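One structure is given below, encoded as structure tokens.
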Amino acid sequence: MSKRLQMCPFSCLAIDGQTLVMALGKPPDTTTFGDYANKFAETVLKMGEKYQRVDVVFDRYRDKSIKTGKRRKRKQRHRPVRREIVNDSVPLPTDWSSFMALEENKADLARILSNHLIEHSPEDEPVVVVSGGFAEATTVKSSDPDLDVSSLMADHEEADTRLMLHCIQWTQ
């Protein structure tokens, strides 16, 4: 363990969920969204193994948003393909970039990853807290049922701003 972590009585890692999805891309050894969720959770837990808590925050995708124009331009670079993720056994798309070009796909992916993280988190440490990826915008879930996450219930569109709430909660 690093000196810095040894000195801290409490350590936490904050992860922008969508950024991690983009960094992972489409791993070659994954064929279904269940495989992808396993790989994502494995990556989060590996990154967070030296921390007491890991917070994963996802973006929200609204129809009317200041970011709509930017998203529309991004769609023009790819031929978006809608792939509804109804369960873990749905096959991953062949063209990952075209899949990721649609907000609806990203929202579905965030939902499956959020639920998977909470359902498959260890019972002790790190405690996993997830927000932004659930069907209801303000839902926040923790792998520790005793952790009060009510101060994290927000409907910010950007994970970046919601991450600030998570950081504030750690300091209290």
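The values are calculated or read from the model by the stated rules, or taken from the named source; none is laboratory data. On a predicted model such as this, the values are computed, not experimentally measured, just so you know. Backbone-built Cβ (ideal geometry, glycine too); neighbour counts: all protein chains shown.
Working only within segment 123-139, note down all residues that are more than 12 Å from Asp59 (Cα to Cα) and modelled with pLDDT of 85 or more.
Pro126, Val127, Val128, Val129, Glu136, Thr139
State all residues of segment 147-172 that are modelled with pLDDT of 75 or more, in a helix (DSSP H, G or I) and surrounded by fewer than 12 Cβ atoms within 10 Å (Cβ to Cβ); if no residue qualifies, say none.
Ser150
Within segment 127-138, which residues are surrounded by 20 or more Cβ atoms within 10 Å (Cβ to Cβ) and on the phi < 0 side of the Ramachandran plot?
Within segment 127-138, Val127, Val128, Val129, Val130, Ser131, Gly133 qualify.
Enumerate the pairs (first residue in segment 90-102 and modelled with pLDDT of 90 or more; second residue anywhere and polar (S, T, N, Q) and outside any helix (DSSP H, G or I)) with beta-carbon separation below 9 Å, excluding pairs fewer than 6 apart on the same chain, so at least 6 apart or on different chains.
Val90/Thr32; Pro91/Thr31; Pro91/Thr32; Leu92/Thr30; Leu92/Thr31; Leu92/Thr32
Can you name every residue in segment 73-85 that is surrounded by 13 or more Cβ atoms within 10 Å (Cβ to Cβ) and either modelled with pLDDT of 90 or more or in a helix (DSSP H, G or I) (or both)?
Matches in segment 73-85: Arg74, Lys75, Ile85.
Only one of these is exposed (fewer than 14 other Cβ atoms within 10 Å of the Cβ) and not hydroxyl-bearing (Ser, Thr, Tyr): Asp108, Asp88, Asp144, Asp124. Name it.
Of Asp108, Asp88, Asp144, Asp124, the one residue that is exposed (fewer than 14 other Cβ atoms within 10 Å of the Cβ) and not hydroxyl-bearing (Ser, Thr, Tyr) is Asp124.
Report every pair of residues separated by at least 6 positions or lying on different chains whose Cβ atoms are under 6 Å apart, first residue within segment 120-143 and within 17 Å of Cys167 (Cα to Cα), second among the small types (Gly, Ala, Ser) and modelled with pLDDT of 85 or more.
These pairs meet every condition: Pro126/Gly48; Val127/Ser143; Val128/Ser121; Val128/Ser143; Val129/Ser142; Val130/Ser114; Val140/Ser131.
Since Asn115 meets every condition but one in (1) at pLDDT 90 or above; (2) surrounded by fewer than 21 Cβ atoms within 10 Å (Cβ to Cβ); (3) in contact with a helix residue (DSSP H, G or I) (Cβ under 6 Å, 6 or more places away or on another chain), which condition does it not meet?
It is condition (3) that Asn115 fails.
Identify all residues within segment 8-44 that are in a loop (DSSP other than H, G, I, E, B) and among the hydroxyl-bearing types (Ser, Thr, Tyr); write none if there are none.
Ser11, Thr30, Thr31
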